Amino acid sequence: MTAKDTFLSKFSTITAAPQTFFKRELVPFLADLRLAIALLLLIALFSISGTVIEQGQPIAFYQANYPEQPALFGFLTWKVLLTLGLDHVYRTWWFLGLLILFGSSLTACTFKRQIPSLRWFSRTWNFYTQPRQFQKFALSATLDQRSLDDLAPLLASRRYRIFRQGDSLYAHKGLVGRVGPIIVHIGILIILLGGITGALTGFIAQEMIPSGNTFQIQNITDAGPWATPQIPKDWSVKVNRFWIDYTPEGNIDQFYSDMSVLDGKGNEVKRKTIHVNEPLTYKGVTLYQASWAIAAVRVRLNNSPIFQLPMAQLDTGGKGQLWGTWIPTKPDLSEGVSLIAKDLQGTLIIYGNDGKLIATARAGMGTEVNGVTLKILELVGSTGLQIKADPGIPLVYAGFALLMAGVIMSYVSHSQIWALQADGQCYVGGTTNRAQVAFEREVIGILDQLEQTNEPALSLVS
C-alpha cells in the first residue's frame, strides 16, 4: 500500500466517524421517547415558574419581594433569581436551549419513527398470494365459493379504496389516521420555532403618556438580542384623548385612549380608540391599554394666564391611589397650597401650608385661597400603555392550527383488508390501528353480506 492509499484510508475513517456517531448514537438518543417526555416536563416546569414569578421587573422589585432573609422556600432569593434568569425565563439561553433540544428530539422522532412507518405502509400494498399469509391477522376468514368480484362492491360501499392484482385484492381507508401523528409533530415544531423567534426578536415596552402628547416607543423593559430592527423608528403615536368612564357608585367602569398612528411626516395613517382587551396593532406592534394616571392639572390664579402643573403619585402604603401637586399663590413662592386628587372625575382637596384642609373644588370652579381666586380648569390624564411585538405569533398560531388538525386526523382509524382467491376459496384478513372492536364488527358485517346462505368460516386470533 502506498503512502497515498494509507492517507486516504485514514482520512475516510476520520470523516466517517462523525457520520457514524450521528446515525448510531445521536439520532437514536434524540428519538428516545423518554428524552422527549423529560424535556417536555422541564419546559412545562420552567414555563410555570415564568408565570408565578413576575417577569421583567426592576431589581428593586425582586429585592423587596424575594429578600435574602428569610429566603423563599429556604433558597430562593433575589440574587438566585437574577443569576438563573428567572426574571426573564423565556429569553434565557438555557430555556431556548431546552426548546431547541426538544425540537431536535421531535425532528429525530419524526424522521426515525413516523416517516419510516409511512414507508412501511407503502410496502403493505404488496398483494398477498399465499393462504398462509392470512394466519397472522387478528381477524381472518375463509369462505367457500366466493370471489373477489363479490367482495369488492361491499368494500366500496364502505368507502374503502380498492386495488386488485390478479387473484389478490387490497383495500384501505382512513389513511389520514397514519398521517395525523406526523402533522402533530410538525405543528409542535412550528410552535417551538415561533416561540424561539419571539424570544429572540420580540420586545416589551411600557409608556405613560399624557393626553394630547405624541411619543415614540423608547421605554423598553424586555427585549430579545435581535429585537432592535423590530422597534419602530419611522412612525409615532399620538394620544388624542384619554378618559375614564365611571359607574354610578364612583368606581372605574372602563378607561379609553383615542390614539392615532403618525408616519414620519406626521400624517395620520391609522386611528383607533382602545380599551382593555381591545388593543391597537400596527406593523406587528400591539399597544394595549394597561393603566392610567393623573399627569397634570391646569389652573388659573385670578386673571393670570392658564398654566399647567405636573402631578405626582403619592405613597399611600397600598391604600389607594392619590396624586398631588403644590401651587404657589405668591410670585415669590412664599405661600402656596397643596392640591390632592384621586381620580379624573374632577373633585380635588386643597390643603394649606400648615396641612389643614382649606376647601374642596371641582373642575371649572373657583375657590378663594390665600387671598387669590384659584380656578381648577382641567385634570390631565395619562394613559398607561403596554407595548409588545412578537414576530413569532403567526408561526405559533399556524402551529396550533396544524396541531389541532393533526390531533383530529389521528383519531381516524386506518383500516386495511387483504383478500385472496385460491383453490376455490376466498381468504379475507384485515387490521386496523385503533377501534379494533368496531373494525371487527364491520368486517363480520361484510362477511355476513358476502355469505348469505352459508356461515363463513371465521378464524379470530386474539
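The table below gives the values:
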item: Listing of helices (runs of 4 or more DSSP H) fully contained in the range 108-213 that carry 2 or more residues being in contact with a Cys (Cβ under 9 Å, 6 or more places away or on another chain); result: 148-157
item: All positions within the range 284-311 that are surrounded by 14 or more Cβ atoms within 10 Å (Cβ to Cβ) and not in a strand (DSSP E or B); result: Gly284, Met311
item: Of residues in the range 421-442 being within 44 Å of the chain's Cα centre (by Cα) and over 27 Å from Gln114 (Cα atoms), the one surrounded by the fewest Cβ atoms within 10 Å (Cβ to Cβ); result: Arg441
item: Condition broken by Lys238, with the remaining ones in (1) modelled with pLDDT under 90; (2) outside any helix (DSSP H, G or I) satisfied; result: (1)
item: Candidates Leu101, Leu41 - the one that is exposed (fewer than 13 other Cβ atoms within 10 Å of the Cβ) and assigned to a helix (DSSP H, G or I); result: Leu41
item: Hits in the range 182-227 (condition: of a type in the set (Phe, Trp, Tyr) and closer than 26 Å to Leu262 by Cβ); result: Phe203, Phe215
item: Pairs where the first residue, in the range 249-270, is surrounded by 16 or more Cβ atoms within 10 Å (Cβ to Cβ) and the second is modelled with pLDDT under 95 and not in a strand (DSSP E or B), C-beta under 8 Å, 6+ apart; result: Phe255/Val276; Val261/Trp235; Leu262/Trp235
item: Qualifying position, being farther than 30 Å from Ala227 by Cα, among the aliphatic types (A, V, I, L, M) and touching a Lys or Arg at 6+ places or on another chain (Cβ under 9 Å), among Ala312, Ala296, Ala361, Ala341; result: Ala361
item: Of residues in the range 353-369 being assigned to a strand (DSSP E or B) and charged (D, E, K, R), the one nearest to the chain's Cα centre (by Cα); result: Arg362
item: Complete set of residues in the range 337-382 that are among the acidic types (Asp, Glu) and either without any contact (Cβ under 8 Å) to a residue 40 or more places away in the chain or under 15 Å from Asn302 (Cα atoms) (or both); result: Asp354, Glu368
item: Cβ pairs under 7 Å, 6+ apart, first in the range 75-89 and assigned by TED's automatic domain parsing to the domain that holds Ser47, second buried (at least 19 other Cβ atoms within 10 Å of the Cβ) and among the polar types (S, T, N, Q); result: none
item: Some residue of the range 181-196 being crowded, with 16+ Cβ neighbours inside 10 Å and either closer than 30 Å to Val297 by Cβ or acidic (Asp, Glu) (or both); result: no
item: Residue within the range 315-329 that is within 30 Å of Arg164 (Cβ to Cβ), modelled with pLDDT of 85 or more and buried (at least 16 other Cβ atoms within 10 Å of the Cβ) present; result: no
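The values are calculated or read from the model by the stated rules, or taken from the named source; none is laboratory data. Owing to the predicted nature of the structure, the values given are computational and were not obtained by experimental measurement. Every residue, glycine as well, gets a Cβ built from its backbone with ideal geometry; the counts of neighbours run over all protein chains shown.
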